[in-house]
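To keep things clear, I will list the structure first and then write my remarks on it.
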């Protein structure tokens with residue numbers, strides 16, 4: 001099961017494209033596109049009236065509400081209100097994973113895209129994200145941002161801290177407050193782009209998306225979980241130690 005999201009601001013517009021078919025070709029026209037948004041401390045579900053053709057749903061935004069969460073379901077959920085964002089949809093449970101596409105574009109025509117699904121397993125849990133930043137951002141860019149999308153099961157907007165930490169110096173280089181169930185932006189200055197600096201989220205999970213812009217050209221990349229980069233048999237123990245060391249660094253700075 002996946003959720004989907006959009007990215008737009010005063011500089012960029014976006015188009016989210018969600019297939020009506022599985023990755024092995026099976027089409028299901030009973031699937032409807034819904035959105036969930038927080039209203040009076042509950043999740044309010046709405047059936048989206050969007051462009052659709054035989055194969056895809058398409059959502060286009062110039063500068064709109066990017067705190068909405070999108071998902072597919074066969075069920076009739078129009079105007080339903082729920083306390084926990086736990087939607088089941090076996091149509092989206094495929095191997096390899098069911099994919100969508102998120103394209104961003106600036107007003108000069110530069111564009112980039114990536115796969116923007118948000119796994120439901122992350123929605124139900126808290127945790128930490130640790131991600132190296134210099135490999136996906138550019139020293140040559142005029143603007144670098146980490147865009148961090150959090151989706152959490154409870155309909156809350158709760159603050160939590162994110163950091164840029166230097167693992168060699170064991171030092172916090174930057175600290176910022178983010179919010180749950182929001183699209184959060186963190187501008188990264190060039191002096192922070194070195195191999196020892198990592199992005200670290202404390203308490204909540206999310207999808208870090210790396211945005212660079214130069215001469216109206218755009219780059220959009222997302223980071224994978226650490227276990228996809230570490231190939232040893234004890235990789236989960238290594239990841240646990242890395243995150244524990246990161247927490248020690250931020251604890252010393254508080």
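Any read-out appearing in this document is the output of simple, stated calculations on the displayed coordinates, not a laboratory observation. Nothing here was measured: the structure is a model prediction, and the numbers come from that model. Cβ atoms come from the backbone with ideal geometry, glycine included; neighbour counts cover every protein chain shown.
A few notes on this one:
- Extended-chain gain in nm, criterion 0.36 nm per residue less alpha-carbon gap, residue 189 and residue 30: 52.6 nm
- As a size descriptor, the averaged projected area of the C-alpha convex hull of the chain was calculated at 14.6 nm².
- Using a Förster distance of 25 Å, the FRET efficiency for residue 170-residue 124 (Cβ separation, nearest 0.05): 0.15
- All C-alpha pair distances within the stretch 2-119, sorted into 5 Å bins from zero, spread as 2, 11, 21, 23, 20, 14, 7, 2, 0 percent across the bins.
- Rounded to the nearest 10 degrees, the angle from helix 235-253 to the longest Cα principal axis of the chain is 70 degrees.
- For residue 161 and residue 49, the FRET efficiency from 1/(1 + (r/R0)^6), where r spans their Cβ atoms and R0 equals 45 Å, is about 0.75.
- Computed over the chain, the per-residue total of -39500 (n - 2.57) for DSSP H runs of n ≥ 4 gives a 222 nm mean residue ellipticity of -3000 deg cm²/dmol, rounded to 500.
- Spacing of the two label points (7 Å from each Cα toward its C-beta) at residue 251 and residue 39, in nm: 4.3
- When only alpha carbons are used to place a centre, the stretch 138-184 and the stretch 4-39 end up 24 Å from one another.
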